[in-house]
Structure formats: structure tokens, C-alpha cells
Amino acid sequence: MTATPKPPLAIVATETADAIKAKRREAHTAIELYFDIAKGAYREGYSDERIAKDTGLSVDWVVKRREEEFGPLKEPDELVELRKQLTAAAETVAAIEARFNKLCIAKGWAA
């Protein structure tokens, strides 16, 4: 009795080099259209993730291309200001907690 021959391994279809180049051009164009170099930010609704999803490229590829050719993402001024306010508020809370704990210890209360 002879063994039944196994079917050949499935050939995995891959994208052509031209298709990959087209996706990369599409991503480059999207970055150009939606990324404001001066602000270091995308227009509302756009991001590296969206461009990657829309083009079928990896987020890492889009991030690398944007950073190399257009620049880094920058925090908006309002976030910088809010971060300063949060830091100041945290320092105020820490100072109040220290005073509270010191008073509790002085009066013999559990802090």
C-alpha cells in the first residue's frame, strides 16, 4: 500500500513591491496633508494610528517616517499649562498632607 501524497504547502500571497510603494506614498501624502510641522500635531481626527490603519502600514513605519521627515509630535500649549497646574496642585496637596500628619503626631492621633 502506498502512502497518500501530501498536498503541497500553501503559497502565501504577499503584496507586490509596487503595492507597498503605493501604500507608503499614500501615507506620506496623508502626513503632509494632516500634520502641522510648526505645531507638531495632526489636525483633529488624524494620528499616526489612523494613517497606519487607512493605508495598511504599521504604526511603527508611519511614526518613523513622520519623525524623520516631518518632525516629532509636540504637546499642545494647553497641555503644557495643565501639566504645570497639576504639578503645582500636587505640591500643595503634599504640603497640606505633611502639615496634617505633623499635627496628628503632635496631638497623638493616628494619621
Problem - Cα centroid of the stretch 23-57 to Cα centroid of the stretch 62-111, whole Å - result: 31 Å
Completion exercise
Note, the stretch 98-107: 3J(HN,Hα) by Karplus (6.51, -1.76, 1.60, θ = phi - 60°), whole Hz, Gly/Pro = x, goes 4, 5, 4, 5, 5, 5, 4, 5, 4, 8
Problem - Total formal charge among the other residues, if their Cβ is under 15 angstrom from that of Pro76, Lys/Arg +1 and Asp/Glu -1 - result: -1
Problem - Answer label for Rg and Dmax of the Cα atoms in Å (calculated), chosen among [x] 27.7, 95; [y] 16.7, 58; [z] 13.1, 39 - result: [x]
Handout entry: Residues whose placed amide H lies under 5 Å from that of Tyr42, excluding near-sequence neighbours
Key = Asp36
Problem - Furthest towards positive pole of dipole, Pro72, Ala95, Leu57, structure part the stretch 44-101, Cβ charges - result: Ala95
Handout entry: the chain, relative contact order in percent, only Cα pairs under 8 angstrom and at least six apart counted
Key = 19 percent
Exercise for the section: Show that you can apply the helix-only estimate: for the chain, add -39,500 (n - 2.57) for every DSSP H stretch of four or more residues, divide by all residues, and state [θ] at 222 nm to the nearest 500. Expected result: -20500 deg cm²/dmol
Completion exercise
Stretched fully, the stretch from Glu68 through Lys39 gains (0.36 nm per residue minus C-alpha distance, one decimal, in nm) 8.8 nm
Exercise for the section: With everything on Cα atoms, drop me the angle between helix 59-69 and the longest principal axis of the chain, reported from 0 to 90° to the nearest 10. Expected result: 80 degrees
Practice task
Estimate the FRET efficiency between Glu75 and Ala98 by the formula 1/(1 + (r/R0)^6), using the beta-carbon distance for r and 30 Å for R0, to the nearest 0.05.
Solution key: 0.50
Fill in the blank from the handout: With the stretch 14-74 reduced to its Cα atoms and the Debye formula applied, log10 I(q)/I(0) at q = 0.12, 0.16, 0.17 1/Å amounts to -0.26, -0.45, -0.50
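No lab work stands behind these numbers, since they all come straight from the coordinates. The model shown is predicted, which means the values in this text are computed figures rather than measured ones. So basically every Cβ, Gly included, is an ideal-geometry build from the backbone, and we count neighbours across all protein chains shown.
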